[in-house]
1. Provide the FRET efficiency to the nearest 0.05 for the residue 198-residue 101 pair, computing r from the beta carbons and using R0 = 41 Å.
2. Give the angle, between 0 and 90 degrees and rounded to the nearest 10, that separates the Cα long axis of helix 140-152 from the longest principal axis of the Cα atoms of the chain.
3. Within region 177-202, name every residue whose backbone N is under 20 Å away from a label modeled 7 Å from Cα of residue 242 along the Cβ vector.
4. Calculate, for residue 78 and residue 56, the FRET efficiency according to 1/(1 + (r/R0)^6) with r their C-beta to C-beta distance and R0 22 Å; round to the nearest 0.05.
5. Heavy atoms only, 1.4 Å probe, whole protein assembly: order 249, 121 by accessible area, highest first.
6. With a ≥ b ≥ c the root eigenvalues of the C-alpha gyration tensor of region 134-279, is it rounded (a/c under 1.5), prolate (a/b larger than b/c) or oblate?
7. Quick check on my link table: of 114/250; 54/97; 97/205; 54/94, which ones sit more than 23 Å apart, alpha carbon to alpha carbon?
8. What figure in square angstrom, to the nearest 10, would you give for the accessible area of residue 277 with a 1.4 Å probe?
Amino acid sequence: MNEQSADSSRERPFVFIASLRRTGSTVLSEALTELPYSFIFREPRLDMNWFNLKPSDAAQLKELGIDLVAFARKHRLAAFFSRRLGVGETYMVKAFKEDLLPKLRTCVQQVGIKEIRLGNWRRYHAHFPHMRILLTGRDPRDIYISLYFRATSGQGSWSGPYTPERVAEHLNDEFARQLEMYGAGTCMKVRYEELAADPDAVLQKAICFTDNPIPSVGPIGGFTGTAPGRSNEYELHGKHITSRRVFRWKTEQDRGLVMEAQRVFESMPEYCDFWGYGR
């Protein structure tokens, strides 16, 4: 066995990108994905005992002989009954690990998942205790403004009134889960601002941290270029990671919106200390 084949045969760490909304998790997952070297699933919601099957994922992996549709069909009913009965909370994570992952690893060297809802992260950790965790963060003022335009345009998954208090509560809750991971797992922090300012340096650190075998950064912009309601983001960033939305709160013309964003910031002191955000 030559050096290259020996390297490709060793098992790479499972990757978990644990993100708050609007913190660059999509471009990070894209940058760390390039078949047949690596593949990061975007928000499959396995921890909710479900499998959020994305057609683009199914199409890409089908070319390698992996049938995600068949996997979903095989396990969703059992997962549904386990939810209804209140048993087997990690059924779908276990099915992913024991049924799908062995097939994936015959043709993909590294596999991972990114989620923006982190309440059940321990269900992943229970099955992947040595996973490499990438935490993502962003100035909460920019998160608030970015989410505001998504919510008010009818895009995204925000439900109910959009207020600084509700957003801060949501972000603080998800951040508490990040803190749990930071204390329990092997983690690397990725700040949106640093990723946008020097993507090559940050991504190389992430590639090294996760032991990702990709020969170069994966293709960026595939999701925003095809997803309904994300065309404006694609027009802004294209196939690159840019700094065009860094410190958006400093240039936003709606001063009332900026004041609301500042209220979110002031409601998240522990988050700001952890991520290094000051006034």
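1. 0.80
2. Tilt of helix 140-152: around 80 degrees.
3. Zone members listed by number: 192-202.
4. According to the calculation, E is roughly 0.30.
5. Details: 249 40, 121 5 Å².
My answer, sorted largest first, is 249, 121.
6. Working: a/c = 1.75, a/b = 1.20, b/c = 1.46.
Oblate, because a/c is 1.5 or more while a/b does not exceed b/c.
7. 114/250; 97/205
8. Around 20 Å² of this residue is reachable by solvent.
The values are calculated or read from the model by the stated rules, or taken from the named source; none is laboratory data. Because the structure is predicted, anything quoted here is derived from the model rather than measured. For neighbour counting, all protein chains shown are included, and Cβ atoms are generated from backbone atoms with ideal geometry for every residue, glycine included. Just the protein is used for accessible areas: all its heavy atoms, side chains included, with ligands, DNA and RNA removed. Shrake-Rupley method; radii C 1.70, N 1.55, O 1.52, S 1.80 Å.
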